[in-house]
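Computed from the coordinates by the stated procedures, all read-outs in this text should not be read as laboratory data. Bear in mind the structure is a predicted one, so any value in this text is a computation, not a measurement. Every residue, glycine among them, receives a Cβ derived from its backbone with ideal geometry; neighbour counts consider all protein chains shown.
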Amino acid sequence: MDTRTLTEKIVLNLVTNQEAVSVKEFPSDDENTTVIEVLVAEEDMGRVIGKSGKTAAAIRTLVQASSALHDNKYVKINFDKF
């Protein structure tokens, strides 16, 4: 499973408004880095970020671990709201 799909599955299971989730992958200037942008509805932002950013950090850790097993690229995940 690629990093974008994994990120999307995790986020979709956290939010209440699943239709308002957008996950896109962008190439970076560095060939060993991938940037993933996650957009969610404003009311779901707290669920995705979590208390003190712990949920967002956990998502980043899971996706980075998956990337290390498959393509060994560094993954940056940016969370934002619509």
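Quick look at the values:
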| read-out | value |
| --- | --- |
| For segment 76-82, Karplus couplings with θ = phi - 60° (6.51, -1.76, 1.60), whole Hz, Gly/Pro x | 10, 10, 10, 9, 8, 10, 6 |
| The chain: angle of helix 3-14 to the longest principal axis, Cα-based, in degrees nearest 10 | 20 degrees |
| Long-range HN-HN contacts of Lys81 with modeled amide H, under 5 Å | Val40 |
| Among (1) 16, 30, 28, 24, 2; (2) 17, 41, 35, 7; (3) 19, 54, 24, 3, the entry derived from the coordinates for P(r) over Cα pairs in 10 Å bins from 0, in percent | (3) |
| Value at 222 nm in deg cm²/dmol, rounded to 500, when DSSP H runs of n ≥ 4 in the chain each add -39,500 (n - 2.57) | -12500 deg cm²/dmol |
| Sum of side-chain charges, Phe26 neighbourhood, beta-carbon under 14 Å (Lys, Arg +1; Asp, Glu -1) | -3 |
| At R0 = 25 Å, FRET efficiency that the Cβ-Cβ distance of Asn17 and Asn72 yields, to 0.05 | 0.15 |
| Inter-probe distance in nm under a simple model that places probes 7 Å from Cα toward Cβ, at Arg47 and Phe82 | 1.4 nm |
| Per-residue ³J(HN,Hα) for segment 37-43, Karplus 6.51 cos²θ - 1.76 cosθ + 1.60, θ = phi - 60°, Hz, x for Gly and Pro | 10, 10, 10, 10, 5, 4, 6 |
